[in-house]
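The values are calculated or read from the model by the stated rules, or taken from the named source; none is laboratory data. Please read all numbers here as calculations on a predicted model, not as lab measurements. All Cβ positions, glycine included, derive from the backbone under ideal geometry; neighbour counts span all protein chains shown.
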């Protein structure tokens, strides 16, 4: 088994204020990278302080609006709000607080080349500014890679198998470890 790492920045276009389902946009950018992972973890880090990421309902859009309503009622905004940090506008400090409530990172399992989200789960970008602009998400993938190799002759195949078995034995060094096949051989 080989450990694999990959890292990529996904850029989301500007969204209006509110909660937005962005799973399909992210998957479009990551599809080829994810396909090489048998199992692992995908870590998503939003590189901004006035937006957030969360996993929630991906079916009923009322949930998106209800969560935004909750956030706006929970964190006051405007001239009557008690915030001192107002230099970037009246929506900035409330955006920082909302961002801290949900956070800027997610970790999702990878199984057989896909994000292993539940049936009704989706990735949300919560934009907490009136005009937030595009948002960058640094995605780090780590896990066990798929391996497949096509060989054209038995002689080459046997030499490769012997080399791989030796390599695994050196790495594992234990008779109690289970060795999984690393290559698919076609003769």
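Hey, any hits in the range 68-87 for a residue that's crowded, with 16+ Cβ neighbours inside 10 Å, at pLDDT below 95, part of a loop (DSSP other than H, G, I, E, B) and assigned by TED's automatic domain parsing to the domain that holds residue 125? Looking for residues that are crowded, with 16+ Cβ neighbours inside 10 Å, at pLDDT below 95, part of a loop (DSSP other than H, G, I, E, B) and assigned by TED's automatic domain parsing to the domain that holds residue 125, one finds at least one in the range 68-87, hence yes.
Against the numbered list (1) within 22 Å of residue 145 (Cβ to Cβ); (2) surrounded by fewer than 17 Cβ atoms within 10 Å (Cβ to Cβ); (3) in contact with a strand residue (DSSP E or B) (Cβ under 8 Å, 6 or more places away or on another chain), residue 32 comes up short only at (3).
Condition test on residue 108, is it in a strand (DSSP E or B) and touching a helix residue (DSSP H, G or I) at 6+ places or on another chain (Cβ under 9 Å)? The answer is no for residue 108.
Would you mind stating whether residue 98 is assigned by TED's automatic domain parsing to the domain that holds residue 136 and buried (at least 17 other Cβ atoms within 10 Å of the Cβ)? For residue 98, the condition - assigned by TED's automatic domain parsing to the domain that holds residue 136 and buried (at least 17 other Cβ atoms within 10 Å of the Cβ) - is met. Please state which one of 6, 14, 42 is on the phi < 0 side of the Ramachandran plot and in a loop (DSSP other than H, G, I, E, B). Testing whether each residue is on the phi < 0 side of the Ramachandran plot and in a loop (DSSP other than H, G, I, E, B) leaves just 14.
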